[in-house]
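Written out below as structure tokens is the structure these notes cover.
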Amino acid sequence: MASENVKTFTDADFGDSVKNGVVLVDFWAEWCAPCRRLEPTVNQLAADYNGRLTVAKVNIDENPMTPSKFMVRGIPTLLLFKNGDLKETVVGLSSKDDLSKIIDKHL
Amino acid sequence: MNTDRQVIIIGSGPAGLTAALYAARANLTPLVIEGIEAGGQLMLTTMVENWPGYRDGIMGPDLMVELRAQAERFGAEIIQGDVDSVDLSKRPFTLSVGKTRYTAQTLIVATGASAKWLDLGVDKKLSGRGVSTCATCDGFFFKGRPVAVIGGGDTAMEEAIYLAKLATSVTVIHRRETLRASKVMQDKAMSMPNISFVWNTDVVDIKDVDKGEVTSLVLRNNQTGEQSELAVDGVFIGIGHVPNTRLFQGQLAMHDNGYLKTHDGSRTSVAGVFAAGDVQDHIYRQAVTAAGSGCMAAIDAERFLAEHESDASSTAVSEARA
């Protein structure tokens with residue numbers, strides 16, 4: 001289920017894409033059942049924070065370099081960047097409220 | 001959405017969704033609060049070969065999609081979210097999900113069980129950095145690398161078999177001398193050339209927290225006390241489950257191991273609260289027994305409502321007056 005507020009990043013554009021502002025990146029794959037569970041939460045965050053937070057997804061099958069660069073060894077993993085710096089790593093499933101608290105710290 | 005309900009079901013595994021199916025067919029329009037781990041443990045499995053009626057097996061996640069659709073077909077309402085607190089001191093029971101409050105004349109607890117961690121502290125720190133409780137989620141990252149699996153039950157064997165197809169080697173570390181896993185799973189694991197077993201051994205440490213990735217395990221033979229180190233890039237924990245009962249502490253009677261106590265079918269220590277599935281079953285723990293107990297809970301809830309119809313309507317009248 002695609003959401004209009006959620007972008008798609010790739011290995012090619014990742015570095016530039018997280019350079020500005022607060023960016024939440026969801027690492028996922030088709031075969032990952034927990035990733036599918038997290039997807040609606042991520043989509044809702046994108047809608048709630050529209051304009052204040054960039055939300056993007058990285059398909060790890062198609063983009064193996066980026067997860068390896070950030071030592072992602074399990075999915076779903078969410079990384080939060082602020083002006084290019086990695087600020088938060090959230091592994092596994094979390095509730096929308098818990099994720100909001102983590103995001104709010106950096107806005 | 002109507003937040004005053006005849007039946008609320010917490011959990012959306014085989015127990016919760018079967019309870020929803022039966023309650024929906026009894027015209028009770030149940031509300032299912034699915035929880036963070038929606039779909040339950042079957043969402044993390046691959047082929048389920050012991051669910052009756054599928055001679056060739058069915059994929060766990062596919063089975064849950066079917067169960068969910070079947071419950072919805074008859075009018076069950078399923079919402080995302082995790083219950084933050086419950087008040088079971090009086091009927092209707094109150095539940096909080098984020099900022100929303102729900103009330104329920106009857107409650108079916110089907111919150112299941114979650115994977116147990118090692119209790120080393122370091123395993124959680126390295127979660128997603130090489131330590132995992134889900135081979136089907138994270139096995140991908142260990143293609144062509146050596147990994148270990150901790151445990152000796154069906155979960156551990158399933159993880160080992162799955163990982164053996166990806167990893168160079170899979171070392172199963174078990175604290176006993178024999179496996180607890182079913183014969184079929186044992187034979188399958190034993191037949192794979194790149195799975196080896198280390199018996200009578202505990203994991204005492206996982207390295208390397210400073211590097212932020214798994215590099216090795218420190219092992220201790222529990223017969224001889226001898227310590228050794230095993231170099232691996234990933235470690236998968238399959239040592240069992242803990243029931244998700246924290247929400248009900250002090251409100252529902254539990255066994256010493258934290259599982260909910262039930263009596264006379266699915267009844268808990270509070271009248272009107274029923275429990276189904278792994279949250280109350282530390283013996284069988286099968287998808288099909290969970291589904292069976294979900295059915296029992298729905299029927300018990302339906303009968304309870306019928307018996308208490310008069311006091312439910314009197315509550316409604318007094319609320320209408322107030």
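Since every read-out is calculated from the coordinates, none of them should be taken as a lab result. Given the structure is predicted, the values throughout are model-derived calculations rather than measurements. Using ideal geometry, Cβ is built from the backbone for each residue, glycine included, and neighbour counts are taken over all protein chains shown.
Numerical summary
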read-out: Peptide B:121-128, shielding by other chains (average Cβ, 10 Å cutoff); value: 3
read-out: Within the stretch A:6-104, percent of DSSP bridges classed antiparallel, to nearest 5; value: 55
read-out: Lys, Arg +1 and Asp, Glu -1 on Cβ, resulting dipole of the protein assembly as shown about Cα centre, debye, nearest 20; value: 300
read-out: Most fluctuating residue given options B:S12, B:S96, B:S191, as computed from a GNM of chain B linking Cα atoms under 10 Å; value: B:S191
read-out: Top positive-direction residue, dipole computed over the stretch B:117-237 with Cβ charges, set B:A148, B:W199, B:C137; value: B:C137
read-out: Among B:201-212, B:164-175, the order from most to least packed when residues are scored by Cβ within 10 Å on average; value: B:164-175, B:201-212
read-out: Near-label residues of the stretch B:203-217 by backbone N, under 16 Å of a point 7 Å along Cα→Cβ of B:Q227; value: B:203-209, B:216-217
read-out: Magnitude of the charge dipole, the stretch B:117-237, Cβ model with Lys/Arg +1 and Asp/Glu -1, debye to 20; value: 220
read-out: Three-way shape label, the stretch A:1-86, alpha-carbon gyration tensor, a/c 1.5; value: oblate
read-out: Any cysteine of the protein assembly as shown lacking a neighbouring Cys Cβ under 4.7 Å - listed by number; value: B:C295
read-out: Average partner coverage of A:34-40, which counts Cβ from other chains inside 10 Å; value: 4
read-out: Extension reserve of the B:D264-B:T168 stretch, reckoned as 0.36 nm per residue once the Cα distance is removed; value: 29.5 nm
read-out: Highest to lowest packing among B:133-143, A:13-23, scored as the average C-beta count within 10 Å; value: B:133-143, A:13-23
read-out: Long-range tail of P(r) for the stretch B:1-158 (Cα pairs > 25 Å, %); value: 42
read-out: Within the stretch B:235-296: Cβ-based charge dipole about Cα centre, in debye rounded to nearest 20 (Lys, Arg +1; Asp, Glu -1); value: 80
read-out: Relative intensity, log₁₀ I(q)/I(0), of the protein assembly as shown from a Debye sum that treats every alpha carbon as a point, q = 0.05, 0.07, 0.12, 0.14 Å⁻¹; value: -0.19, -0.38, -1.06, -1.32
read-out: Inter-site label distance for B:Q70 and B:M47 at 7 Å from Cα along Cβ, in nm; value: 2.1
read-out: Three-way shape label, the stretch B:117-237, alpha-carbon gyration tensor, a/c 1.5; value: oblate
read-out: Average beta-carbon neighbours from other chains, 10 Å sphere, peptide A:89-98; value: 5
read-out: Gain on full stretching of the segment that runs from B:R246 to B:R101 - 0.36 nm per residue minus C-alpha separation; value: 50.3 nm
read-out: Kirkwood Rh and Cα Rg combined as Rg over Rh, evaluated for chain B; value: 1.04
read-out: Highest to lowest packing among A:100-106, B:149-155, A:62-68, scored as the average C-beta count within 10 Å; value: B:149-155, A:62-68, A:100-106
read-out: Cα-based Lys pair tally, chain B, threshold under 21 Å, eight or more apart or on separate chains; value: 16
read-out: Rounded if a/c under 1.5, otherwise prolate or oblate - the stretch B:70-140, Cα gyration tensor axes; value: prolate
read-out: Positive dipole terminus of the protein assembly as shown, leading residue within B:V109, B:G11, B:N221 (C-beta point charges); value: B:N221
read-out: Nitroxide proxy distance, nm - points 7 Å out along Cα→Cβ at A:D98 and B:Y54; value: 2.8
